[in-house]
Amino acid sequence: MPSLQLRKPYTSSSLASGEWAIPADWKDGILVTLYKGKGPVADPGSYRPITLLSIPGKVFAHILFARIKPLLDATRRPQQSGFVAGRSTIDAILALRLLAEIHREFDRPLHVAFLDIKAAFDSVDRHAGTVESAAQQGYPEHSPGSDCCST
């Protein structure tokens, strides 16, 4: 059974100075697919992938998320409804319906564009451009010597 041996305390300054790296066990996960409950069982699109992390990896992921959440909230468009606490896509549908009713009441034209981006995330190269995109949004760079985890 492996034992946990800490040679140095993990602190913000030791991470920023590059004195230690994130252990591979914290970053590695097991990819599992879960059936969504609809669609053909043989269709890979009927499954949702999730990653199972180790306990330290999960804790580390939560800490990182807590650190970047304020930046996410500050850069998110106010129109976003999905994946936002207290809002859903139902809110956007209601807003569109009210807008349509107002335009109909005043006999004004309403032009609406619908985008079906169902598979958009499957076609995105998640690694390419991630660092550049994060830098454009104001996230700190993660590299030895950077101050990525200081408070």
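Rounded to the nearest 0.05, what FRET efficiency do D25 and V84 have when you use their Cβ-Cβ distance and R0 = 35 Å?
With R0 = 35 Å, the Cβ-Cβ based efficiency is 0.60.
In whole Å, largest first, what are the principal axis extents of the Cα atoms in the stretch 69-117?
Largest first, the stretch 69-117 extends 43, 22, 17 Å along its Cα principal axes.
All of the numbers you see were taken from the coordinates with simple rules; none came from a lab. In this text the structure is predicted, and so the values were computed from the model without any measurement. No Cβ is skipped: glycine too gets one built from the backbone with ideal geometry, and neighbour counts run over all protein chains shown.
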